[in-house]
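Some notes on the structure that comes next.
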Amino acid sequence: MANRFLRPNLIHRFSTVNPVGPPATVVPGILSFDQPKPDVDLDLSDQARLFASVPISDLVRSTAILHATAIGPMVDLGSWLMSSKLMDATVTRDLVLRFVKGTFYDHFCAGEDAAAAARRVRSVYESTGLKGMLVYGVEHAEDGGACDNNIEKFIETVEAAKTLPSSQLSSVVVKITAICPMSVLKRVSDLLRWQYKNPNFKLPWKLNSFPVFSGLSPLYHTAVEPEPLTVEEEQELEKAHERMKSICLRCQESNVPLLIDAEDTILQPAIDYMAYWSAIMFNSDKDRPIVYNTIQGYLKDAGERLHLALGESEKMNVPIGFKLVRGAYMSSEAKLADSLGYKSPVHDTIQETHDCYNQCMSFLMEKASNGSGIAVILATHNTDSGKLGAKKASELGIDKENGKIEFAQLYGMSDALSFGLKRAGFNVSKYMPYGPVETAIPYLIRRAYENRGMMSTGALDRQLMRMELKRRIMVG
């Protein structure tokens, strides 16, 4: 039974340097909102206020870890070591895992099991006021047996979430790639793409959903007509639907929102299809959607697909939640597209990605503010986007406490932005993965690559933490 935990081959996917390209496409009805200028009221300069709740011991450790991950050669050495044959030797493996657990793992992960993760969520809230998003850190399953094991872990996550008050827990997260075999997701995505190209193409297994493609969506993955699903593949798809039903029912009964993570475009059509089918089935509360899908703002079709899905949900009178992210599969997307002779589906420049994210954010916040059944989680490490979102919420008069708008960052990263948004009165959550230490290593490598370099995501936190440590030493 094969599982694949947080893939190591994606360690370079967070690069923020893009080649120069043409300006982003403007999507009528979505990307025409004026972007507000950054709001100086969201103050991220006063490190004493931002980190007031952080004990000096935690501040020292966090500063050390973020500075270590900023040293390129150290990150490369650690990545090589943890993926080398040296890890096959028991002595070396035990030493490395012991070191990793006491440093990087404890900084970026919430614990080894659901109960430990729930305790970490509680302690983080009590010390900082930040909520938690609980996620079992497994990504890919290759067969049905692994999927059955994984759904049990996801249900354990919901059970752990039930022990926490809603003031402390934001949501739980599920990866459809962990509860439906990868081969089936690829086949379903191929068939959905072919039906989009040929509307008369019949898919007898297809259930009610929202649109998952737009005119800008990449379709090059499916060049020829795919074979229909085999009997065995249809059975596996049905089992995946049943697994999804089981976790949605648990979340609905417990009133715990369920976030569905995004993936590469080769798999995303099937993921969107299952996410929207789940929303239609289980989002019955007009004020609080249970199922949230994820929109990746670095994709060129993000705005159009968001518009189409939201339009269909309004037509069907189905409330929906969205988690908005920039995206995390840049390298693999570019590599696959290039191998097939196509341009990457990712925006050509980082500025175009920023623009698309901010415009989708404004669009969603407009929708959430007008009383429609929309809830939004704005997942960003970008301080400009955080300031834009805070200003937009103020302009729209959005109630910061009603749960319609929430900000989120990864646990162990962008703490200054998290604390600043929390001080401004917003609901702010940390994405908190958990699982055994050895299974978290690829995830930790990705965090290290995201933080490496002086201009990385962690640069602001490193600077402010260093300043706060110096201030406390001087005062002491």
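The values are calculated or read from the model by the stated rules, or taken from the named source; none is laboratory data. In this text, all values refer to a predicted model and were calculated from it rather than measured experimentally. Here Cβ is always computed from backbone atoms with ideal geometry, including for glycine, and neighbour counts include all displayed protein chains. Ligands, DNA and RNA are stripped out before the accessible areas are found, and what is left, the full protein with its side chains, is counted by its heavy atoms. Shrake-Rupley method; radii C 1.70, N 1.55, O 1.52, S 1.80 Å.
If I filter segment 173-197 down to residues being outside any helix (DSSP H, G or I) and in contact with an Asp or Glu (Cβ under 8 Å, 6 or more places away or on another chain), which single residue comes out as most open to solvent (accessible area, probe 1.4 Å)? So that I can check it myself, show each step before the final result.
Within segment 173-197, the subset outside any helix (DSSP H, G or I) is 173-175, 179-181.
Filter once more, so that each one left must be in contact with an Asp or Glu (Cβ under 8 Å, 6 or more places away or on another chain): 173-175, 180-181.
Numbers: 173: 2, 174: 0, 175: 20, 180: 0, 181: 5 Å².
Among those that are outside any helix (DSSP H, G or I) and in contact with an Asp or Glu (Cβ under 8 Å, 6 or more places away or on another chain), it is 175.
If a residue must be part of a loop (DSSP other than H, G, I, E, B) and free of Cβ contacts under 8 Å to residues at least 12 places away in the same chain, how many such residues does segment 134-172 contain? Write out each step before concluding.
Initially, segment 134-172 is screened for residues part of a loop (DSSP other than H, G, I, E, B), giving 137-139, 142-143, 163-168.
Checking which are free of Cβ contacts under 8 Å to residues at least 12 places away in the same chain leaves us with 165.
Selection size over segment 134-172: 1.
In this structure, does residue 339 turn out to be touching a Pro at 6+ places or on another chain (Cβ under 9 Å) and free of Cβ contacts under 8 Å to residues at least 40 places away in the same chain? I'd like the intermediate steps shown before the answer.
Working: touching a Pro at 6+ places or on another chain (Cβ under 9 Å): no; free of Cβ contacts under 8 Å to residues at least 40 places away in the same chain: yes.
Here the answer is no, as residue 339 does not meet what is asked.
Name the residues in segment 272-287 that are in a loop (DSSP other than H, G, I, E, B) and surrounded by fewer than 20 Cβ atoms within 10 Å (Cβ to Cβ), would you?
Just the residues of segment 272-287 that are in a loop (DSSP other than H, G, I, E, B), to begin with: 283-287.
Within segment 272-287, 284, 285, 286, 287 qualify.
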Only one residue in 129, 102, 111, 72 is modelled with pLDDT under 85 and within 27 Å of the chain's Cα centre (by Cα), so which one is that? 72
Of all residues in segment 214-267 being buried (at least 20 other Cβ atoms within 10 Å of the Cβ) and small (Gly, Ala, Ser), the one that is nearest to the chain's Cα centre (by Cα): 262
One residue is enough: does segment 146-166 have a residue meeting the conditions touching a Pro at 6+ places or on another chain (Cβ under 8 Å) and open to solvent by 10 Å² or more (accessible area, probe 1.4 Å)? no
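Confirm whether residue 331 is over 24 Å from residue 133 (Cα atoms) and touching a His at 6+ places or on another chain (Cβ under 8 Å).
Values: over 24 Å from residue 133 (Cα atoms): yes; touching a His at 6+ places or on another chain (Cβ under 8 Å): yes.
Yes.
What tally of residues in segment 193-227 results from selecting those that are of a type in the set (S, T, N, Q) and in contact with a Lys or Arg (Cβ under 9 Å, 6 or more places away or on another chain)?
Residues of segment 193-227 that are of a type in the set (S, T, N, Q), as a first pass: 195, 198, 200, 208-209, 214, 217, 222.
Among the residues that remain, those that are also in contact with a Lys or Arg (Cβ under 9 Å, 6 or more places away or on another chain) are: 195, 214, 217, 222.
Number of matching residues: 4.
Do we have residue 113 as under 20 Å from residue 271 (Cα atoms), open to solvent by 20 Å² or more (accessible area, probe 1.4 Å), in contact (Cβ under 8 Å) with a residue 40 or more places away in the chain and not polar (S, T, N, Q) here? Walk me through it before giving the result.
Numbers: under 20 Å from residue 271 (Cα atoms): no; open to solvent by 20 Å² or more (accessible area, probe 1.4 Å): yes; in contact (Cβ under 8 Å) with a residue 40 or more places away in the chain: yes; not polar (S, T, N, Q): yes.
It is false that residue 113 is under 20 Å from residue 271 (Cα atoms), open to solvent by 20 Å² or more (accessible area, probe 1.4 Å), in contact (Cβ under 8 Å) with a residue 40 or more places away in the chain and not polar (S, T, N, Q).
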Filter result (touching a residue at least 24 places away in the same chain (Cβ under 8 Å), over 13 Å from residue 418 (Cα atoms) and open to solvent by 20 Å² or more (accessible area, probe 1.4 Å)) within segment 385-406: 391, 394, 395, 396, 397, 398, 400, 401, 403, 404
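Does segment 288-306 hold any residues that are part of a loop (DSSP other than H, G, I, E, B), over 16 Å from residue 385 (Cβ atoms) and touching a Gly at 6+ places or on another chain (Cβ under 7 Å), and which are they? I'd like the intermediate steps shown before the answer.
To start, the set of residues in segment 288-306 that are part of a loop (DSSP other than H, G, I, E, B) comprises 288-290, 297-298, 300-301.
Retained after the next criterion (residues that are over 16 Å from residue 385 (Cβ atoms)): 288-290, 300-301.
Within segment 288-306, 288, 289 qualify.
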